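Report on one structure; see the data block that follows.
All of the numbers you see were taken from the coordinates with simple rules; none came from a lab. Fair warning: this is a prediction, and the values are worked out from it, not measured in the lab. Don't worry about glycine lacking a Cβ; one is built from the backbone with ideal geometry, like all the others, and counts go over all protein chains shown.
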Amino acid sequence: MKNFIISLSVIGFMMLSIISTINGQSRYFDERYIYSQHNINPSLINPGAIGANDYQELFVNYRNTWSGFEDSPKTVLIAYNGPVGNRLGFGAQLLSDSYANLNTTKGQIGLSYTIDSPTNKIGFGISTEYIQHSLSGAGVSGVQVDITDPIIRDRLDGAQYFDASFGIFGLYNQKLVYGISFPSLISSKISDTGSEVDRNIGYIFQVGYKMKSSSTDITFEPSVVVKSLMNTPTHIDVMGRFGFLDDKLTGGIAYTIGGDKRLGFLIGTTIEALTLNYMYNVSSAEFQTYNNGAHEISIGLRFGDNKMAKQIDQIK
């Protein structure tokens with residue numbers, strides 16, 4: 001355990017040293033702040049978690065923030081994640097987000113390399129992302145706008161970015177879940193709109209601990225996720241998740257410290273290869289009186305296993 005902590009500290013220090021020297025373009029915001037089910041699907045926020053399981057999964061996520069309010073933010077994501085060989089994982093995501101008239105489209109592919117020991121399984125991942133921020137023309141029709149404003153001009157023309165992210169994700173002794181990722185560690189603007197935006201380096205830190213009652217087989221996993229992302233308030237997501245009937249039925253409660261101070265409730269089920277999860281969030285912010293809260297639904301389909309890796313291990 002001591003060597004594990006020392007190794008993790010060295011890795012963290014090296015990464016902080018690297019990112020302190022990086023400069024680049026910063027896009028408008030990082031959409032990773034949206035998700036509230038990242039403890040169920042950590043590859044959403046950490047490329048190091050790509051291929052962490054021995055199965056492949058097709059995943060669909062839909063979130064409606066401020067439901068009931070006109071032009072409320074809505075996000076749709078389709079993702080694939082799974083092992084492709086011995087210690088290698090591959091993931092891909094396609095995201096569409098609308099925030100009133102601001103539209104964001106993102107395509108992402110990622111690779112990971114996992115080192116597995118009797119007590120610790122740790123993955124190192126990197127992802128490349130293409131992002132476009134644009135402002136729909138209908139939103140400015142008949143409205144007086146200052147087209148000389150660099151931000152408005154960027155959004156009207158559509159600003160494209162190419163990003164690269166890095167992450168570390170691990171499981172120690174089948175109980176301690178840990179990870180740190182640096183979203184958009186490198187960010188470069190593809191489109192040339194003549195405006196510059198200050199560069200901010202963000203991070204996501206997560207830790208959780210899996211416990212199981214030997215008498216009831218009920219599992220409990222408390223977790224904490226700290227998000228410091230571009231153009232979003234730094235906040236901490238705290239969750240306690242229960243599992244029943246060999247995790248075929250799950251439930252949990254979450255609270256966000258900072259940001260909009262959300263309280264969330266999770267319920268989910270697994271039927272054979274199909275996983276369904278639903279989370280409802282309500283905020284203590286004043287704007288909550290104008291909407292019906294946030295609804296997030298995810299559907300996961302698991303298939304296959306890491307046959308190639310198993311065959312290679314058998315040969316060895």
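Of note:
- For the stretch 74-114, the relative contact order comes to 38 percent (Cα pairs under 8 Å, sequence separation of at least 6).
- Packing-based ranking, highest mean first, of 266-279, 84-97 given that Cβ atoms within 10 Å are counted: 84-97, 266-279
- For MET230, residues with placed amide H under 5 Å, excluding near neighbours: ASP30
- Neighbour net charge for LYS261 - beta-carbon separation under 13 angstrom, K R +1, D E -1: -2
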